[in-house]
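Enquirer: One structure coming up, written as structure tokens, with questions to follow.
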Amino acid sequence: MLQVRKLEPYKDDQGNEIVYSGEVREEKIDIRFKGANNRLVIAPDADVKDLLVTFTGDNGEIEIERTTKRRAGLRFELRCGHESRIRIGENVGCAGRTFLSAVEGVSVTIGADVMFAKHIEVRGDDTHPIFDVRSEKRVNPSQSIVVGEHVWIAKHAVVMGGVSIGSGSVIGFRSIVTSNIPNNCIAVGAPARVVRRNIAWERPEVVGRRPNELYPRKGEKSEPYWNLTDDDASPAAPVVKAQPRKKQRLLVRVLPGPVRRVAKKYRTAKK
């Protein structure tokens, strides 16, 4: 395993790469490569506060976009497996470290302006396989996740594989999302169910407001996310384009001399 403790440009002989041109960061940075040809791309102005990244396989890709507005900062534990992808959009904020997991070729996509509270998991996998005893077939394959824009996910919530959450929605405290949630609604419970539609939410806190104060204040309304709920408008799962594999050379060095010479002539003829 290769381990990097600084957020800065990086490349190794296994094809792993960190693409980043911002200020070098050392505090709370832990990036681990257990495979090859993995790529971590972070915008130079992303407000990274706490980052633990583990690439558990080959050809994984993680992209973290910029922070241009006042947010709580980016605090993530990211697990990315073989041929998998994690994408975090612009102006995402996390009150505590949020766990995202994409393995077995699936993707986890987080839209712009998403607000994560503390102790949240967004996981496309269950970590361990489960089988049907009679058929011996696996019953819990990993699946992709899409969280739309301007979604508020409250404390201790979990988003499971194969679901999408529409833009402008709220996921309640300790909810477990196991099915698609439309836009601009509130979903609560385990499993989460929609309890109210046609809602909008704003970031400014109410803890310092006066009784009976009018909402929202001037300039607080995020107009693009004030929409009626449309049950057919949940974001579709993205198509994940795997990174091209590097051609693997034949391990001919262990073959007998005559066989190596024949192989060499064959390769020359092919060129």
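The values are calculated or read from the model by the stated rules, or taken from the named source; none is laboratory data. All values reported here derive from a predicted model rather than from experimental measurement. Every residue, glycine as well, gets a Cβ built from its backbone with ideal geometry; the counts of neighbours run over all protein chains shown. The accessibility values were calculated without ligands, DNA or RNA, using every heavy atom of the protein model including side chains. Shrake-Rupley method; radii C 1.70, N 1.55, O 1.52, S 1.80 Å.
Enquirer: Is region 1-57 best put as rounded, prolate or oblate by its Cα gyration tensor, with a ≥ b ≥ c the root eigenvalues, rounded for a/c under 1.5, and otherwise prolate when a/b is larger than b/c, oblate when not?
Expert: On the way: a/c = 2.05, a/b = 1.53, b/c = 1.34.
Prolate, because a/c is 1.5 or more and a/b exceeds b/c.
Enquirer: Would you calculate the separation in nanometres between label points at Asp30 and Arg210, each defined as 7 Å from the Cα along the Cα-to-beta-carbon direction?
Expert: 4.8
Enquirer: If DNA, RNA and ligands are ignored and the probe is 1.4 Å, what is the ranking of Tyr225, Tyr215 by accessible area, most exposed first?
Expert: Working: Tyr225 40, Tyr215 120 Å².
Putting Tyr225, Tyr215 in descending order of accessible area: Tyr215, Tyr225.
Enquirer: Can you tell me the orientation of helix 257-270 relative to the chain, as the angle in degrees between its alpha-carbon axis and the longest Cα principal axis, to the nearest 10?
Expert: 60
Enquirer: Suppose we keep just the DSSP beta bridges with both residues in region 115-195; what percent of those would be antiparallel, to 5?
Expert: Values: 3 of 17 bridges.
So the antiparallel bridges in region 115-195 amount to around 20 percent.
Enquirer: What accessible area per residue, rounded to a whole number of Å², is obtained for the chain using a probe radius of 1.4 Å? If you can, show how the numbers build up before the last one.
Expert: Numbers: 15910 Å² over 271 residues.
The answer is 59 Å² per residue.
Enquirer: Please report the carbon-and-sulfur percent of the accessible area for region 60-159; probe 1.4 Å, protein heavy atoms only, DNA, RNA and ligands left out.
Expert: On the way: 2060 of 4300 Å².
It is 48 percent, rounded to a whole number.
Enquirer: Hey, any idea what Rg/Rh is for region 4-101, computing Rh the Kirkwood way over Cα pairs? Display every interim value, and only then the final one.
Expert: On the way: Rg = 12.4 Å, Rh = 13.2 Å.
Using Cα coordinates only, the ratio equals 0.94.
Enquirer: Could you identify which residue out of Arg75, Arg39, Arg134 has the top mean-square fluctuation in a GNM of the chain using Cα springs shorter than 10 Å?
Expert: In the Gaussian network model the winner is Arg134.
Enquirer: Running a GNM on the chain with Cα contacts under 10 Å, which residue among Ser169, Ser179, Ser101 ends up with the highest mean-square fluctuation?
Expert: Top of the fluctuation ranking is Ser179.
Enquirer: What is the Cα radius of gyration of the chain over 2.2 N^0.38 Å, N being its residue count? It would help to have the intermediate numbers written out before the result.
Expert: Working: Rg = 22.4 Å, N = 271, 2.2 N^0.38 = 18.5 Å.
Expressed relative to 2.2 N^0.38 Å, the Cα Rg reads 1.21.
Enquirer: Please state, rounded to one decimal and in Å, the Kirkwood hydrodynamic radius that region 133-213 gives when every pair of distinct Cα atoms enters the mean of 1/r.
Expert: Working: mean 1/r = 0.0711 Å⁻¹.
Its Kirkwood hydrodynamic radius stands at 14.1 Å.
Enquirer: Still on this structure, I have one more. I need the phi-derived Karplus couplings for region 42-47: 6.51 cos²θ - 1.76 cosθ + 1.60, θ = phi - 60°, integer Hz, Gly and Pro marked x.
Expert: Each residue's phi maps through the Karplus curve to give 10, 4, x, 9, 6, 8 Hz.
Enquirer: Could you tell me the calculated FRET efficiency between Lys11 and Leu52, based on Cβ-Cβ distance and R0 = 22 angstrom, to the nearest 0.05? Please list the in-between numbers first.
Expert: Details: r = 20 Å, r/R0 = 0.93.
Efficiency, from the Cβ-Cβ distance: 0.60.
Enquirer: If the reach is capped at under 19 angstrom between alpha carbons, list the aspartates and glutamates near Lys49, excluding any in the same chain fewer than eight residues apart.
Expert: Glu8, Glu23, Glu26, Glu27, Asp30, Glu63, Glu65, Glu77, Glu90, Asp113, Glu121
Enquirer: Report, in deg cm²/dmol and to the nearest 500, the calculated mean residue ellipticity at 222 nm for the chain, where each DSSP H run with n ≥ 4 adds -39500 (n - 2.57) and the sum is divided by the residue count. Let's see the in-between values first.
Expert: On the way: 1 runs with 14 residues, N = 271.
That calculation yields -1500 deg cm²/dmol at 222 nm.
Enquirer: With respect to the cross-link table entries Lys11/Lys155; Lys34/Lys118; Lys28/Lys155, which display a Cα-Cα separation exceeding 32 Å?
Expert: Details: Lys11/Lys155 36 Å; Lys34/Lys118 28 Å; Lys28/Lys155 22 Å.
Violating the 32 Å Cα-Cα cut-off are Lys11/Lys155.
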